[in-house]
1. For the range 239-258, name all the residues that are over 29 Å from residue 284 (Cβ atoms) and either touching a strand residue (DSSP E or B) at 6+ places or on another chain (Cβ under 6 Å) or surrounded by 19 or more Cβ atoms within 10 Å (Cβ to Cβ) (or both).
2. Find all pairs meeting these conditions: Cβ atoms under 7 angstrom apart; at least six residues apart or on different chains; first residue within the range 98-118 and in contact (Cβ under 8 Å) with a residue 60 or more places away in the chain and under 21 Å from residue 179 (Cα atoms); second residue of a type in the set (Asp, Glu) and open to solvent by less than 10 Å² (accessible area, probe 1.4 Å).
3. Have a look at 286, 268 and point out the one that is open to solvent by 60 Å² or more (accessible area, probe 1.4 Å) and either in contact (Cβ under 8 Å) with a residue 12 or more places away in the chain or not aliphatic (A, V, I, L, M) (or both).
4. Applying the selection to the range 289-309, what residues are of a type in the set (Asp, Glu) and either loosely packed, with under 15 Cβ neighbours inside 10 Å or in contact (Cβ under 8 Å) with a residue 40 or more places away in the chain (or both)?
5. Under the condition of being in a strand (DSSP E or B) and touching a helix residue (DSSP H, G or I) at 6+ places or on another chain (Cβ under 9 Å), which residue from the range 215-242 is nearest to residue 312 (Cα to Cα)?
6. Given the criteria open to solvent by 60 Å² or more (accessible area, probe 1.4 Å) and assigned to a strand (DSSP E or B), does residue 107 qualify?
7. Restricting the search to the range 150-200, which residues are touching a helix residue (DSSP H, G or I) at 6+ places or on another chain (Cβ under 6 Å) and in contact (Cβ under 8 Å) with a residue 60 or more places away in the chain?
8. Of the residues 83, 41, which is closer than 28 Å to residue 180 by Cα, touching a residue at least 60 places away in the same chain (Cβ under 8 Å) and open to solvent by less than 60 Å² (accessible area, probe 1.4 Å)?
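The values are calculated or read from the model by the stated rules, or taken from the named source; none is laboratory data. No experiment lies behind these values; they were computed from the predicted model shown. Here Cβ is always computed from backbone atoms with ideal geometry, including for glycine, and neighbour counts include all displayed protein chains. SASA here: full protein model, heavy atoms, side chains in, ligands and nucleic acids out. Shrake-Rupley method; radii C 1.70, N 1.55, O 1.52, S 1.80 Å.
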Amino acid sequence: MAGHDMSAMSADPYAAPMSGMAHGNMTTLGRVDHDANGFDPSTMLTDWDTGTTELLPDGRTLRTFEVTAIDREIEIAPGVLFPAWTFNGRVPGPALRAKEGERLKIIFRNHGSHPHSMHFHGIHSARMDGVPGAGLIGPGEEFIYEFDAKPFGCHLYHCHALPLKRHMHKGMYGLFVIDPDPTRQSDPALSAVAASRMLGSPENGNWQELAMVMNAFDTNFDGGNEVYAVNTVGQAYMNVPIRIDKTRPVRVYLVNVTEFDPINSFHLHANFFDYFDTGTTLTPTLRTVDLIMQCQAQRGILEFSFADHEDGMYMFHAHQSEFTELGWVGMFDVRGPGA
């Protein structure tokens with residue numbers, strides 16, 4: 001920032017929270033009330049919903065989730081309220097996580113004011129597809145979706161009621177991750193990779209895993225977005241940077257659900273990552289890249305490390321400048337052990 005030092009200025013109204021930038025941060029003023037919202041973007045990063053489990057007669061695991069549609073006003077930027085339609089009172093909805101081969105049961109209750117559904121990106125029967133004519137649930141009704149967890153990967157679910165663009169844009173979407181089963185891999189190297197993705201395993205415990213849903217909000221309903229974010233709240237990870245232990249690798253489960261814009265993107269500063277498109281492979285589909293693009297519903301897994309970096313704040317953001325300036329930007333606070 002040489003040549004742009006503002007320290008000699010008596011006051012720089014645009015500098016907070018990072019002083020010394022001639023044009024300021026162009027950030028939001030004030031903070032969102034996460035308690036009133038009922039969810040916190042920082043907590044959402046690692047808040048996996050694994051449901052409840054029981055053993056079936058055939059020895060398989062039955063994993064049950066409970067999801068409720070609720071109309072709720074949420075704050076997406078300081079003082080900016082949005083009339084959302086939510087899954088379990090939050091946007092994005094709960095980050096559902098299961099293991100490959102399990103039997104899944106999702107009990108869906110509609111407490112909202114419009115017909116809704118849950119459409120899962122995965123493999124299942126037409127009866128469980130969550131589209132009009134197959135699982136569209138009216139207000140006050142309940143439906144049970146049931147199918148096997150396959151294929152493994154980084155997926156999503158969303159409402160598929162019409163008009164689709166409104167039901168999705170209003171907040172009815174969430175991350176849906178199926179961890180690979182290491183025992184299904186014949187190659188020991190791939191089995192080790194699969195084990196590292198299986199939540200709760202010793203190998204997985206070495207990773208720092210983050211759930212990130214890229215979204216945006218049309219606050220005046222004119223067909224264009226005014227606020228962009230990851231996990232709903234603009235500038236959330238600028239105000240509270242994401243702490244990263246530089247001795248442990250990072251894995252990001254990333255999905256784009258942005259409406260009204262054809263493409264969103266993720267750019268990592270001062271580093272590169274491997275990318276697993278859709279997460280359905282155990283070897284990268286892209287290696288050593290610092291930017292990927294995703295259309296709506298596209299998703300994937302990013303893996304990277306800061307092991308060789310000095311401690312500091314490392315930015316990540318969409319590489320559409322408008323998206324960045326309207327909220328989709330954050331910082332990784334990279335530190336060594338104990339720092």
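1. Answer for the range 239-258, where residues must be over 29 Å from residue 284 (Cβ atoms) and either touching a strand residue (DSSP E or B) at 6+ places or on another chain (Cβ under 6 Å) or surrounded by 19 or more Cβ atoms within 10 Å (Cβ to Cβ) (or both): just 239.
2. 99/179; 100/179
3. Values: 268 fails: open to solvent by 60 Å² or more (accessible area, probe 1.4 Å).
Exactly one of 286, 268 is open to solvent by 60 Å² or more (accessible area, probe 1.4 Å) and either in contact (Cβ under 8 Å) with a residue 12 or more places away in the chain or not aliphatic (A, V, I, L, M) (or both), namely 286.
4. Here is the first cut: in the range 289-309, the ones of a type in the set (Asp, Glu) are 290, 303, 308.
Within the range 289-309, 303, 308 qualify.
5. 242
6. Details: open to solvent by 60 Å² or more (accessible area, probe 1.4 Å): no; assigned to a strand (DSSP E or B): yes.
Against the criterion (open to solvent by 60 Å² or more (accessible area, probe 1.4 Å) and assigned to a strand (DSSP E or B)), residue 107 does not qualify.
7. Of the range 150-200, the ones touching a helix residue (DSSP H, G or I) at 6+ places or on another chain (Cβ under 6 Å) are 158-159, 161, 179-180, 182, 185, 191, 194-196, 198.
Passing the criteria: 158, 159, 179, 180, 185, 194, 198.
8. Working: 83 fails: closer than 28 Å to residue 180 by Cα.
Result of the check over 83, 41: 41.
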